[in-house]
Amino acid sequence: MLAYIIRRVIYAIPILIGVNLITFALFFVVNKPDDMARMQLGFKHVQQADIDKWKQAHGYDKPLFYNRAPTEGNAFTDTVFFVKSVRLFAFDFGNADDGRNITQDISERMWPSLAIAIPVFIVSLLLNITFALIIAFFRASYVDYMGVVTCVILMSISSLFYIIGGQYLISKLLHLVPISGYSADLDTATKFLILPVIIGIVGGIGAGTRWYRTIFLEEISKDYVRTARAKGLSERLVLFRHVLKNALVPILTGVVAVIPLLFMGSLILESFFGIPGLGSYTIDAIRSQDFAIVRAMVFLGSVLYIIGLILTDISYTMVDPRIRLGVR
Amino acid sequence: MIATKQTQNKHKAKIDHQAPLLEVNNLKTWFDSRDQIVRAVDGVNFSIKKGETFALLGESGCGKSMTSLSLMRLVPEPAGRIVSGSVKLNGVDLLQLTELKMQKMRGNHIAMIFQEPMTSLNPVLTIGKQIEETVTRHKKMGGYSAKKRVLELLDAVGIPDPKQRYDEYPHQLSGGMKQRVMIAIALAGEPALLVADEPTTALDVTIQLQVLELLRKLQNDTGMAILLITHDLGVVAEMADRVAVMYAGQIVEHADRQSFFSNPQHPYSKKLFDSVPAMAKREHSLAVIRGSVPALSQQFKGCRFEPRCDYAWDICRCQVPAWQLLDDGQGVLCHLLDPRYASQAPDVKKQIAPVIRKQSANHAGALLQVDGLKVHFPVTKGLFKRTVGFVKAVDDVSLVIPKGKTLALVGESGCGKTTVGKGILQLVKPTAGCVVLDGAQLNRLKHREMRAKRRDVQVIFQDPFSSMNPRMMIADIIEEGMLAQRVGGDARQRQQRIDQLLGQVGLAPEAKTRYPHEFSGGQRQRICIARALAVEPKLIICDEPTSALDVSVQAQILNLLKDLQDSLGLAYLFITHNLSVVEYLAHEIAVMYLGRIVEQGTVEEVIHNPLHPYTKALLSAVPTIVPDADRQVIRLRGEMPSATQPPIGCHFNPRCANARQICRNGYPEALKISDNHRVRCFLYKE
């Protein structure tokens, strides 16, 4: 297993280089370093000299990928891409274009993101599995039918509707909680967080329940369930002891992989509710063309996603005795 | 109608001389399928006495599995439902119980084992837990006493090291062991009736023998009755006290074993017997049942077997036959035995006489020569996937197939026989050895040359359901090979050739524009044969081509393969575990055990004079239909070991009754007994 994990970590290196290369290329197809400088310095009355000075200060004065006349190192190392990329692999994200330290920003903004993401994740997982089990228990009856219809309706509504609708109903009409905002103080923070959390849960309930229902129904039709029934077990035991444990295997594929990504926060929820988390951080960076932040976040996301996949594989070995890693 | 009912009642009175344990009356289980009702079980009556084995015999789709699930009330809902009837176990009608009360019956008074032990156990629970569940549910035991009982059960079903096995998961056990665990689960409640639905169909013959003997022994010890559902006449002959034959949702004949095997009465039962391949039938074609099982969604006006029956006449078409009871208690649902109609029956004896085959005796040269074929798969380990060993799937196999002949490669699952086929086809790269087809050494050919050569050797796979692309039309499936090999002329000529091929395998040209799912298993296998024939091969590798098919359909395919061999001069490498098919079809046999051929020779030599202890055991393990007083069953200990770590010396020595010290030291060389007959065993060294 250790050998397997080490191999997976080694495989991650080319993936990260690739991700970084593509982010880099895409970003600079849209923007030139000059454009970035103008964006930061303001569009009016900017001299070429100011631009060059900004570029030099932020390390964008070299060629992007290939340097015909390297001042130091060789043609590949003395480029924007190389210099900026190498530091990422040491998790040194450097400074944003406005001079703030990105690592510092991330470590501060991580907490509001988690404050939304973790409750949403845990509560939806429990709720979705419970609803799916109830629907599976009453399969092929009206409960099942109505459940699926409800799920489809919930899925068909855009999450933006839930956000705006929730803000209008709960905050504007009923005045139960503030519309948006955040506070570092725990008591006040709860007031700000409760609405985005509920909306995050409601928004995902349709798709989640329907997906888990499919998994449960697939398991229920398998031969070993018939054996369990032939033993004379009650339907409750059949569902909880036999079906649930087997259904965990496919459920884990989807669930464990996203756990590390919870750090990244939610792009939409955070923007709409004014939560200073990593999601809104990314959105703001894209809006202001801050390349340093964008690539730091993309890089961090890729790392977390790879960790998620490795965790998924490890969790398989815990729920499914047939799977052993690295053994053929 | 009244007459029918009276005969039915009279007939029942006669078998009821001892109070039955299970009484099934007019059981009907129907399925809703789209907008029609499929009557899978349509008025089934039978009864089982205490301690007896009652076999329900029939081909797939006749409703025998649905009957067994109906007894357990496990019919998949909501599509299926038990419409009417009664199932009385010790006088209690199971169909009237509430679901909660029925749960107390299941696993307790009536238990069931299933066909697929591989999928019937929960993969994520230990086998100990799975057995214990039944013990705690029905026997009010818990903790230590429950575990002790589980260990007793594991021991009773012959699982070695019960303490260690208790904590193992199903995937760590072989198929035979899993079926033993299933039996232990069923036994846990000490049931009065065990329903065994094809309990050995998925197992090898030597393991089948072990499981059947176990069931017999447990029946002796506990006095439970067994309802044995099977399609295998041999298994019925070995196990049953009484037999009922099912066809199209109804029982058409019932009898005790003796009368049934000495004198089957229903035309369908007779056909079943005639379609079983055997050595004695080599000279002629096997009997086939024409057409296919009727759709069970229709209302039958006459006899359900009438469209396929050789004896049918007018009355069979318009009147439902009534039960006819013979002197020895045998009952038949057929007009032929009805005294009112029997005299009108047409004489059809001549029409159904078997077709005699001409035996072609041309001894042409070798078509395929395999010399020292080895296929080894590396076992890797660690960070850098070091090769730490090899699985010797095929280890030094040599074969010769002459033109127009059939060589059967026989062995149990996991012995490497399929890998030999793949090695010959170059679908896996042989590690060593050479494969010479018609003068060309296949394993030396370049990729492009091999592609051209593929025209000469084609393959038919075991599962006709998954070996065709479901989104391609039949015409395209057959044409694909011709296009790849650039044979068959222009588009128009190719279409003509497809028509001709379909005719050759007995399908109508309309099949061209249809898709694989529209055909039955037998028809699909015919399409696979047509596909193989399209490029005019010289050799066809048939990998278990009939093992997914019913006996009557198997007979059709075997007849077809033989006809094609006679008319086209094809050679076959027939890979199979079914020895009766081999006896009927093959000219030569090679018996494989753990990657090596242990004995080979002509069919006559190997079947009549088997020398290797493994061949002997294999042959004796096949259940026979004809009672044979001289038959000595050789029981093999344990199961075939894994090819990762084959036993030192002769691979067979740990299971061999004749093993001596020399057998543990080295692998015996091939010994020539006659021109063709070779055996690798130290017994014949001197």
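Determine ³J(HN,Hα), in whole Hz, for all residues of the stretch B:451-461 in sequence, where each value follows from phi through the Karplus function 6.51 cos²θ - 1.76 cosθ + 1.60 and θ = phi - 60°; x replaces Gly and Pro.
In residue order, the calculated couplings are 4, 5, 6, 4, 4, 7, 10, 10, 9, 10, 9 Hz.
Over the alpha-carbon set of the stretch A:102-319, work out the extent along each principal axis and list the three values in angstrom, largest first.
63, 44, 30
Of all the accessible heavy-atom surface of the stretch A:102-319, with the other protein chains kept in place and a 1.4 Å probe, what percent is carbon and sulfur?
Answer for the stretch A:102-319 is 73 percent, counting heavy atoms of protein chains only.
Across peptide B:122-130, what mean number of C-beta atoms from other chains lies inside 10 Å of a residue's C-beta?
Mean shielding by partner chains, rounded to a whole number: 5.
Near residue A:252, within a Cβ-to-Cβ distance under 12 Å, what is the net charge of the other residues, with Lys and Arg +1 and Asp and Glu -1?
Taking every Cβ under 12 Å from that of residue A:252, the sum is -1.
Could you tell me whether the stretch B:445-514 comes out rounded, prolate or oblate from its Cα gyration tensor? Rule is a ≥ b ≥ c as square roots of the eigenvalues, rounded for a/c under 1.5, then prolate if a/b exceeds b/c, otherwise oblate. Walk me through the numbers before you get to the answer.
Working: a/c = 2.02, a/b = 1.32, b/c = 1.54.
In terms of gyration-tensor shape, oblate.
Based solely on C-alpha atoms, express the radius of gyration and the Dmax of the protein assembly as shown in angstrom.
For the protein assembly as shown, the Cα radius of gyration and maximum Cα-Cα distance read 35.5, 118 Å.
Taking the alpha-carbon distance from residue B:512 and a cut-off under 14 Å, which aspartates and glutamates remain once sequence neighbours fewer than 8 residues away in the same chain are dropped?
Straight-line reach from residue B:512, under 14 Å: B:476, B:479, B:480, B:499.
Filter the GluC sites (Glu not before Pro) in the stretch B:235-318 down to the DSSP loop ones having no more than 12 other Cβ atoms within 10 Å, then list what survives.
Working: sites: B:238, B:253, B:283; in loops: B:283.
Here the GluC sites (Glu not before Pro) that fit, given the DSSP loop and packing criteria, are B:283.
Counting partner chain Cβ atoms within 10 Å of every residue's Cβ in A:230-241, what's the average?
Across the residues of A:230-241, the mean count of other-chain Cβ atoms within 10 Å is 6.
Within chain A, what is the longest stretch that has no chymotrypsin sites (Phe, Trp or Tyr not before Pro) placed in a DSSP loop and near at most 15 other beta-carbon atoms within 10 Å?
Longest site-free region, per DSSP loop and neighbour criteria: A:139-328.
Could you order peptides B:20-28, B:159-167, B:597-605 by the average number of other Cβ atoms within 10 Å of their residues, highest first?
The packing order, highest mean first, is B:597-605, B:20-28, B:159-167.
Please identify the trypsin sites (Lys or Arg not before Pro) of the stretch B:225-333 that satisfy two criteria: DSSP loop assignment and at most 12 other Cβ atoms within 10 Å. Which are they?
In loop regions of the stretch B:225-333 (DSSP not H, G, I, E or B), the sparsely surrounded trypsin sites (Lys or Arg not before Pro) are B:290, B:301.
Ignoring ligands and nucleic acids, what accessible area does residue B:102 show with a 1.4 Å probe (Å², nearest 10)?
Around 0 Å² of this residue is reachable by solvent.
Using just the helices of chain A, give the 222 nm mean residue ellipticity in deg cm²/dmol: DSSP H runs with n ≥ 4 each add -39,500 (n - 2.57), and the total is spread over all residues, rounded to 500.
-22500 deg cm²/dmol
Could you tell me the distance between the Cα centroids of the stretch B:617-686 and the stretch B:454-509, to the nearest Å?
Taking the Cα centre of each part, the stretch B:617-686 and the stretch B:454-509 sit 41 Å apart.
Please identify, among A:94, A:265, A:232, the residue showing maximal mean-square fluctuation in a Gaussian network model of chain A using a 10 angstrom Cα cutoff.
A:232
Structure shown: which of B:163/B:374; B:217/B:417; B:49/B:270; B:271/B:417; B:422/B:562; B:64/B:147 lie over 30 Å apart, alpha-carbon to alpha-carbon? If you can, show how the numbers build up before the last one.
Numbers: B:163/B:374 39 Å; B:217/B:417 33 Å; B:49/B:270 26 Å; B:271/B:417 32 Å; B:422/B:562 23 Å; B:64/B:147 35 Å.
As for pairs spanning more than 30 Å Cα to Cα, those are B:163/B:374; B:217/B:417; B:271/B:417; B:64/B:147.
Taking a probe of 1.4 Å and counting only protein heavy atoms, give the total accessible area buried between chains B and A in Å², rounded to the nearest 100.
2500 Å²
Is the shape of chain B rounded, prolate or oblate, going by the alpha carbon gyration tensor and its root eigenvalues a ≥ b ≥ c, with a/c under 1.5 for rounded and a/b larger than b/c for prolate?
Verdict is oblate for chain B.
With a 1.4 Å probe and all protein chains in place, put B:434, B:528 in order of accessible area, largest first.
B:434, B:528
Tell me the per residue accessible area of the stretch B:577-664 using a 1.4 Å probe; a whole number in Å² is fine.
Averaged over the residues of the stretch B:577-664, the accessible area is 43 Å².
Spelling out what I want: for every residue of the stretch B:289-300, take phi, set θ = phi - 60°, compute 6.51 cos²θ - 1.76 cosθ + 1.60 (Karplus), and round to whole Hz; glycine and proline get x.
So the Karplus estimates, Gly and Pro as x, are 9, 6, x, 9, 4, x, 5, 8, 8, 8, 8, 8 Hz.
So what is the accessible area of the stretch A:102-319 per residue, in Å², with the probe set to 1.4 Å? Spell out each step's value before the answer.
Numbers: 10040 Å² over 218 residues.
Result: 46 Å² per residue.
Net charge within 14 Å of residue B:454 by Cβ-Cβ distance, Lys/Arg positive one each and Asp/Glu negative one each, not counting residue B:454 itself?
Net of charged neighbours comes to +4.
Which residue fluctuates the most in chain A, going by a Gaussian network model with Cα springs under 10 Å, if the choices are A:242, A:45, A:58?
It is A:45.
Across the residues of B:166-177, average count of Cβ atoms on other protein chains within 10 Å?
1
So what are the ³J(HN,Hα) numbers for the stretch A:190-202, from phi and the Karplus equation (6.51, -1.76, 1.60; θ = phi - 60°), rounded to whole Hz, Gly and Pro as x?
Going residue by residue, I get 4, 4, 6, 7, 4, 5, x, 5, 4, 5, x, 5, 4 Hz, with x marking Gly and Pro.
Go through B:171-183, B:583-595 and give me the packing order, highest mean Cβ count within 10 Å leading.
B:583-595, B:171-183
Calculate the length of the line joining the C-alpha centroid of the stretch A:80-121 to that of the stretch B:257-320, in whole Å.
The stretch A:80-121 and the stretch B:257-320 have Cα centres separated by 78 Å.
With a 1.4 Å probe and all protein chains left in place, how much of the accessible area of chain B comes from carbon and sulfur atoms, in whole percent?
51 percent
Compare A:292, A:75, A:49 in a GNM of chain A, Cα atoms joined below 10 Å, and give the one with the largest fluctuation.
Fluctuation is largest for A:49.
If the reach is capped at under 21 angstrom between alpha carbons, list the lysines near residue A:32, excluding any in the same chain fewer than eight residues apart.
Hits, sequence-local ones excluded: A:44, A:53, A:55, A:62, A:84.
Trypsin sites (Lys or Arg not before Pro) within the stretch B:391-490: which are DSSP loop residues with at most 10 other Cβ atoms inside 10 Å?
Filter output for the stretch B:391-490: B:446, B:471, B:486.
Using amide H atoms built in the peptide plane, which far-off residues or other-chain residues are under 5 Å from residue B:383 H to H?
none
Pop out a list of residues from the stretch B:74-108 that are at least 40 Å² less accessible with all the protein chains around than in their chain alone; 1.4 Å probe, no ligands or nucleic acids counted.
The answer is B:74, B:103.
First select every other residue whose beta carbon is under 11 angstrom from the beta carbon of residue B:431; then total the charges, Lys and Arg +1, Asp and Glu -1.
Taking every Cβ under 11 Å from that of residue B:431, the sum is +1.
The values are calculated or read from the model by the stated rules, or taken from the named source; none is laboratory data. Since we're looking at a predicted model, the values are computed, not measured. Neighbour counts run over all protein chains shown; Cβ positions are idealised from the backbone, glycine included. Surface accessibility is based on the protein's heavy atoms, side chains included, excluding ligands, DNA and RNA. Shrake-Rupley method; radii C 1.70, N 1.55, O 1.52, S 1.80 Å.
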